[in-house]
Amino acid sequence: MKIIITGASSGIGESMAEIFRNQGHQVIAVGRDKNRLDKLKDRIQCETIQLDISTLENCQELFAQVPDADVLVNNAGFGYIGDFEECPLSKELDMIDINIKAMHILTKLYLPGMEQRKKGYILNVASIAGFLPGPEMATYYATKSYVVRFTQGLAEEMRQRKTGVYIGALCPGPVATRFNETAGCDFKARSMSSSRVAELAIQKMWKKKEIIVVGISAKVVRLGAKICSDRLMGRMVSKMQFKKKNKKH
């Protein structure tokens, strides 16, 4: 299979690229960091495309270069911790462009071809944050909520039309990646390795599980979100965020 992974230069995306290659698939790793992409290419013998997918034009460019993917993993994304007023607007808009718009556009571009072929996989990387209110990370949590609900809506459309196309969302808890550094936070909870998250995600994707929650802490949080009020969950998240802010705050 031909597999495109965005945000593949580090973290979960990089681990997925390695696992898919070990399974014998053709992998196209997409990312901004040329040096890291080059190292990945040398290590696992995959194809790479250096591209900033935060714009419509670059998403269209990616589709023009690789129009016939069998699997699309929308993994690119980042977060930021801090009061809403102190987060630069430019950073929030960039977050929305990467976490939401790029995922939305690429799905829009690749889905019709998969439907025509009556097969294909689209895995959108969300977060357990997608089920929660997110004080101190309001924009990030909101973007991941969009990913979850967007995925669920499309998955139902695919079932009703019997297209044969899978669409799912990966919702991990804390993962040991460069996310913390980018977001400016330090998770106090035990983090899963990106390789373990990627391994479980791929296993469940092949089994066509729609919402993939990995990690005990993530499963506990999702259960709490189902039985507790949004206001209570918001207060609990606020306390968590305070503990994981780093020294710059």
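Of the listed requirements (1) touching a strand residue (DSSP E or B) at 6+ places or on another chain (Cβ under 6 Å); (2) over 24 Å from VAL237 (Cα atoms); (3) open to solvent by less than 30 Å² (accessible area, probe 1.4 Å); (4) not small (Gly, Ala, Ser), CYS59 misses just one: (1).
GLN65 meets each of the listed conditions (1) open to solvent by less than 80 Å² (accessible area, probe 1.4 Å); (2) farther than 19 Å from MET16 by Cα apart from (1).
Does SER15 fit the bill of being under 22 Å from VAL147 (Cβ atoms), part of a helix (DSSP H, G or I), of a type in the set (S, T, N, Q) and under 14 Å from the mean Cα position of the chain (by Cα)? Judged against the criteria, SER15 is a match.
Taking every residue in the stretch 230-241 that is farther than 11 Å from LEU132 by Cβ and pairing it with any residue that is basic (Lys, Arg) and open to solvent by less than 40 Å² (accessible area, probe 1.4 Å), at least 6 positions away or on another chain, yields no pair with a Cβ-Cβ distance below 7 Å. Considered as a group, the residues in the stretch 81-99 that are open to solvent by 30 Å² or more (accessible area, probe 1.4 Å) and touching a residue at least 40 places away in the same chain (Cβ under 8 Å) include one that is nearest to SER54 (Cα to Cα), and that residue is ASP97. Can you tell me which residue within the stretch 112-129, out of those that are open to solvent by 10 Å² or more (accessible area, probe 1.4 Å) and free of Cβ contacts under 8 Å to residues at least 60 places away in the same chain, is nearest to LEU89 (Cα to Cα)? Here the answer is SER127.
The values are calculated or read from the model by the stated rules, or taken from the named source; none is laboratory data. The structure displayed is predicted, hence computed values, not measured ones. Cβ: placed from backbone, ideal geometry, glycine included. Neighbour counts: every protein chain shown. Only protein heavy atoms, including side chains, enter the accessible area calculation; ligands, DNA and RNA are left aside. Shrake-Rupley method; radii C 1.70, N 1.55, O 1.52, S 1.80 Å.
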